[in-house]
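Trainee: Just passing along the structure, written as structure tokens.
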Amino acid sequence: MAAKIIDGKQVAADMRAELKQKVAQLKEKGIVPGLAVVLVGDDPASRSYVTAKERACEEAGIFSNDNRLSEDTTQQELMALVDKLNKDPKINGILVQLPLPKHLNESEVLLAIDPNKDVDGFHPVNVGKMVVGEDAFLPCTPNGIIHLLLRSGVKLSGAEVVVVGRSNIVGKPIANMLIQKSDTGNATVTVCHTRTKDTAAHCRRADIIIAAAGRPNTVTADMVKDGAVIIDVGVNRVEDATKKNGYRLVGDVDFEAVKEKASLITPVPGGVGPMTITMLLYNTVLSAEKAAGLA
Ligand code: NAP
């Protein structure tokens, strides 16, 4: 039986409508959530991500503070801007678009962001709090996956989950979130990577597979148990002469074959992707509520 598609666009739209309502209620109390976006240089992909984030802010009623800096910005200038934004009461969230140009020290910049404004959830203070199960800003893509699963009615408690990939932005945090002793965790998690002896064998016994490897066809139908839930985080460009731009986007999962065995599956595009920006808005609103003593 073919799997039901998890419509990330719809879940993201629902969550954004809820956030918009919350922002309107906060405004009645004189609170306007604000997100500062910092972009250094002129990388076209980064520029389009930043524009999408700013547009999403506007649509939700969140104040968006745009900081576009030239490619030759110095470390000192960038650190001074972060310091200014840390002190600005109108700003509840600071997002520095990565990657930064090579001459800049990325980790120094991320460490300088006030953890109370770290809406990306990348600061070691928030990572540490997440790991020990304390209240923290959770990283956007993994948190988006949890919301997608819960809103699709997937039971996490007791589920066997295999995460393929161990990056700091997806694999490690999602594995950590899923093992927490909480309503959004309580799963049994295996993390696979390029040194794993037999990723297929681990996947075959999974109730839920989360693929975040950044390689097409990492998860194929023979690796999937009947009725498994498949979350495809990967975004890969593959050549496609039938497309105007010469390529199309695919995930890490062999979607067409795997959907015949799975019970639920996310498409690429339109699955996990729309959730990432949504969770950034979610964290910014949460930060504003915390600053006002409401959360
Ligand atoms: P990454 O930093 O490149 O990490 C990839 C991980 O996958 C590594 O841990 C690697 O293992 C592992 N891996 C690669 N091939 C494997 C294989 N054949 N079997 C088992 N493990 C394998 O990537 P990332 O930043 O986590 O991103 C992963 C994918 O998600 C990318 O396509 C990215 O574009 C996408 N992404 C999407 C969103 C979104 O919003 N939709 C957000 C973030 C990322 P080693 O550690 O051993 O090298």
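Trainee: Compute the length gained on full extension between Ala257 and Lys102: take 0.36 nm times their separation in residues and subtract their Cα-Cα distance, giving the result in nm to one decimal.
Mentor: 51.8 nm
Trainee: Solvent-accessible area of Lys9, probe 1.4 Å, all protein chains present, reported in Å² to the nearest ten, please.
Mentor: It works out to around 140 Å².
Trainee: Between Glu289 and Tyr247, with labels modelled 7 Å along Cα→Cβ, what's the label distance in nm to one decimal, could you check?
Mentor: 3.8
Trainee: Mind listing the long-range amide H neighbours of Ala206? Cut-off is under 5 Å, sequence gap 5 or more, other chains count too, H placed in the peptide plane at 1.01 Å from N.
Mentor: The answer is Lys225.
Trainee: Treating the Cα atoms of the range 140-273 as identical point scatterers in vacuum, please give the log10 of the normalised Debye intensity I(q)/I(0) at q = 0.11, 0.16, 0.19 Å⁻¹, two decimals.
Mentor: -0.35, -0.74, -1.04
Trainee: Amide H of Val96: which non-local residues (sequence gap of 5 or more, or other chain) have their own amide H closer than 5 Å, using H built in the peptide plane?
Mentor: Long-range HN contacts for Val96: Val38.
Trainee: Next up: How large a share of the accessible area of the chain, in percent, is made up of carbon and sulfur atoms when the probe is 1.4 Å and the other protein chains stay in place?
Mentor: 52
Trainee: Could you give me the ³J(HN,Hα) list for the range 192-204, computed from phi with Karplus coefficients 6.51, -1.76, 1.60 and θ = phi - 60°, whole Hz, x at Gly and Pro?
Mentor: Each residue's phi maps through the Karplus curve to give 9, 8, 5, 9, 5, 5, 9, 4, 4, 5, 5, 4, 4 Hz.
Trainee: On to the next question. Determine the gain in length on full extension of the stretch Lys155-Asp198; use 0.36 nm per residue of separation and subtract their C-alpha separation, reporting nm with one decimal.
Mentor: Full extension from Lys155 to Asp198 adds 12.9 nm.
Trainee: Hey, what's the chain come to in accessible area per residue, 1.4 Å probe, Å²?
Mentor: Normalised by residue count, the accessible surface of the chain is 49 Å².
Trainee: Then there's this: Could you derive backbone 3J(HN,Hα) for the range 143-158 from the dihedral phi with the Karplus parameters 6.51, -1.76 and 1.60 (θ = phi - 60°), listing whole Hz in sequence and x where the residue is Gly or Pro?
Mentor: 5, x, 5, 4, 5, 4, 5, 5, 6, 9, x, 7, 7, 8, 4, x
Trainee: Starting from the Kirkwood Rh over alpha-carbon pairs, what translational D in µm² s⁻¹ does the range 125-195 have by Stokes-Einstein at 10 °C and 1.306 mPa s?
Mentor: Rounded to a whole number, D works out at 130 µm²/s.
Trainee: Here is a follow-up. For the range 112-253, with only Lys/Arg (+1) and Asp/Glu (-1) charged at the beta-carbon, what is the dipole magnitude about the Cα centre, in debye rounded to 20?
Mentor: 280
Trainee: Non-local amide H neighbours of Val164 (under 5 Å, H modeled in plane, Pro and chain starts lacking H): which ones?
Mentor: Cys192, Ile210, Ala211, Ala212
Trainee: In addition: Nearest 10 degrees is fine. How inclined is helix 273-291 to the longest principal axis of the chain, computing both from alpha carbons?
Mentor: Here the helix axis deviates by roughly 40 degrees.
Trainee: In deg cm²/dmol and to the nearest 500, what is the mean residue ellipticity at 222 nm of the chain if only DSSP H runs of at least 4 residues count, each as -39500 (n - 2.57), divided by the residue total?
Mentor: Dividing the helical sum by the residues of the chain leaves -12000 deg cm²/dmol.
Trainee: Turning to a different aspect of this structure: Compute the Kirkwood hydrodynamic radius of the chain, taking the inverse of the mean of 1/r over all pairs of distinct Cα atoms, and give it in Å to one decimal.
Mentor: 20.0
Trainee: For Ile179, put the label point 7 Å out on the Cα→Cβ axis and report which residues of the range 125-160 keep their amide N under 17 Å from it.
Mentor: The answer is 127-134, 157-160, whose backbone nitrogens lie closer than 17 Å to the label point.
Trainee: A further question on this structure: Would you look at the GNM of the chain, springs on alpha carbons closer than 10 Å, and say which of Pro44, Pro267, Pro124 moves the most?
Mentor: Checking each option, the largest mean-square fluctuation is seen for Pro44.
Trainee: Once both labels are modelled 7 Å past Cα along the beta-carbon direction, what's the Val125-Glu58 spacing in nm?
Mentor: 3.2
Trainee: Now for a different question. Can you count the Lys pairs in the range 140-273 with C-alpha separation below 22 Å, eight or more apart or on different chains?
Mentor: Pairs that pass both the separation and distance tests number 10.
The values are calculated or read from the model by the stated rules, or taken from the named source; none is laboratory data. These figures come from a predicted structure and were not determined experimentally. All Cβ positions, glycine included, derive from the backbone under ideal geometry; neighbour counts span all protein chains shown. Note: accessible area is taken over every heavy atom of the protein model, side chains too, but ligands, DNA and RNA are not part of it. Shrake-Rupley method; radii C 1.70, N 1.55, O 1.52, S 1.80 Å.
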